[in-house]
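See below for the structure under consideration.
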Amino acid sequence: MTLAEDLAEYSYSLSYNDLPSETVTETKKRILDALGCAIAGLNVEPALIAREYAMNITSKSNIAATLWGSEKKTAIPLASFVNSIVVRYFDYNDTYLSKEPAHPSDNIPSCIAAAEASKTNGKALITAVALAYEVQCRLADAADLRHRGWDHVCYGLVSVALAVGKLLGLTKKQLVQAINLSLNSHITMRQVRSGELSMWKGCSFAESARNAVFSTLLAKNGMTGPSPIFEGDMGFWKQVSGSFDLDIKTFGNRKNRFKINDTSIKYFPAEYHSQSAIWAALKLRDEIGNISDIENVEIASQEAGFTILGNDTSKWNPETKETADHSLPYIVARTLWDGNINNDTYTKKKFRDRGILNFMKKITVINDQEITKMYPKRVANRITLKLKSGKILSEQVNDPKGHPYNPMTEIEIERKFNTLAKSMLNQSKRKALINAVLSLETLKDMNKLVNLLSL
């Protein structure tokens, strides 16, 4: 069998009864976390741009899904695109780190859209979300894309196609074709995360999701695609990832641990490799008298953190929100100045502040080999401050809050949700939405859930 056939077989066969109770609980926590991120991002500029376009293509057909924040329905691919943008925009949704990094909750909007359109129940949605995480994270374990010039969202083409295909009732053969169609034509370049970052940084997975859903709908209607898509002479292995082994027998089931349990939920809105740096900076902040007492700052990071967040000049002079939330110098500087990182950290007034830009000139970022050896199991950063008095202060944090070794509790995730959603939803609606997600397995369809997302 080809790899696409193996993945289709696993996806088709997976059932809600295969999910341990821990996995069901963790899946609901991540859905709630993603929805909090989404509500906070409903009115950001990229979402408004995308929603304005999508609202011109309304639909009442059986392939329609709701644009969150409204009561308008559009075609599933467009709903997946727009709703994925709002989950991703603030860089506050969850993370999985391996040979390739990922934000697996990017899959959730497409799953909800497909579940809504197919009028399926909460158990089916939970299963599909756990499946999407499993597929994307296992692929991230298998091969590194970023060092070959390709973006991690390429793996989302496969995870979305399989999860959405399962919700839409595709056969095993149709699931194979969904992978073939999705993966062949929609490969994304890593330039989206290089240099000065644009709005498209938060839209890259959304576009992959749109293409994957579109490909899956075509497969359901009988369209076939290039094969074998992984192993072929001009396939994914030869052109993009290099060959790799993927043992489907190790995938999550009643005996094997599901990957969703190993993903990290963000405590702060910042690229994940900076999370431990924020905690280290907070600890050091309590030990200095005044920010002006600092002579210089060294951030020792892992290779990934150094490469993604601290290895080009744009990180010391951010011109966009997207660059600022991917800048170790800016994130650490703001932590030391403000004692917190939140969505307001990335307003233009703050990241273009002359005082903060001058302070960032005191900051260096290095690739620390010992810290890199700990990665990806530990996502450590060490910050060393030299004060004008000559005193040296240093703090290293290995497992930031939200990491699988230091997980966030359900109460902490609810608090995060309420903080993100309170400006958009009143308390009673927030409480109802939390209850709907935490009792998701009892829902007969997605109507209650998506109705609660309207403003």
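Points worth noting:
- Shape of the range 170-225, Cα gyration tensor, a/c cut at 1.5: prolate
- Computed from backbone phi, the HN-Hα couplings of the range 99-105 come to 4, 10, x, 7, 10, x, 5 Hz, rounded to whole numbers (Karplus: 6.51 cos²θ - 1.76 cosθ + 1.60, θ = phi - 60°; Gly and Pro given as x).
- Sorted by Cβ density within 10 Å, fewest first, the residues Asp325, Asp18, Asp94, Asp286: Asp286, Asp18, Asp94, Asp325
- Computed E for Lys238/Met189 - FRET, C-beta separation, R0 22 angstrom, nearest 0.05: 0.80
- For the range 107-119, 3J(HN,Hα) per residue [Karplus equation, 6.51 cos²θ - 1.76 cosθ + 1.60, θ = phi - 60°, Hz, x = Gly/Pro]: 6, 4, x, 5, 5, 5, 4, 5, 5, 5, 5, 8, 6
- Net charge dipole size for the range 272-397 [Lys, Arg +1 and Asp, Glu -1 on Cβ; Debye, nearest 20]: 160
- Convex hull per residue volume in Å³, alpha carbons only, for the chain: 128
- Three-way shape label, the range 272-397, alpha-carbon gyration tensor, a/c 1.5: oblate
- Value of relative contact order over the range 272-397, rounded to a whole percent, pairs C-alpha under 8 Å and six or more apart: 42
- Acute angle (nearest 10 degrees) that the helix 3-13 long axis makes with the longest principal axis of the chain, alpha-carbon atoms: 80
- Placing pseudo-labels 7 Å out from each Cα toward the beta carbon at Ser15 and Asn367 gives an inter-label distance of 4.9 nm.
- Ranking Pro318, Cys37, Asn447 by Cα position along the charge dipole of the chain, where only Lys, Arg, Asp and Glu carry charges on their C-beta atoms, puts Asn447 farthest toward the positive end.
- Given charges at Cβ of Lys, Arg, Asp, Glu: the chain dipole, positive-most of Val135, Asn426, Pro77: Asn426
- Listed by chain and number, the aspartates and glutamates whose C-alpha is less than 12 Å from the C-alpha of Lys166, apart from same-chain residues fewer than 8 away, are Glu9.
- Rounded to 10°, Cα long-axis angle of helix 21-40 versus longest principal axis of the chain: 70
- With the convex hull drawn over the C-alpha atoms of the range 157-258, the volume per residue is 131 Å³.
- Length-normalised contact order of the range 322-455 in % [C-alpha pairs under 8 Å, at least 6 apart]: 11
- Sparse-neighbourhood loop sites, trypsin sites (Lys or Arg not before Pro) in the range 179-282 - DSSP loop, at most 10 other Cβ within 10 angstrom: Arg254, Lys255
- Degrees separating the helix 410-421 axis from the principal Cα axis of the chain, which is the longest one: 90
- Cut-off under 5 Å, modelled amide H: who pairs with Ser394 long-range: Leu385
- Three-way shape call for the range 210-320 based on the alpha-carbon gyration tensor, with the a/c threshold at 1.5: prolate
- The chain: relative contact order as a whole-number percent, Cα under 8 Å and 6+ apart: 20
- Residue (of Val24, Gly252, Ser204) at the positive-pole extreme of the chain, dipole from beta-carbon charges: Val24
- Using only side-chain charges placed at the Cβ, +1 for Lys and Arg and -1 for Asp and Glu, the dipole size of the chain relative to its Cα centre rounds to 940 debye.
- Ratio of the Cα radius of gyration of the range 410-454 to 2.2 N^0.38 Å, where N counts its residues: 1.13
Only the coordinates and a few stated rules stand behind these numbers; no lab work does. Just so we're clear, the structure is a prediction, and the values are computed from it rather than from any experiment. Don't worry about glycine lacking a Cβ; one is built from the backbone with ideal geometry, like all the others, and counts go over all protein chains shown.
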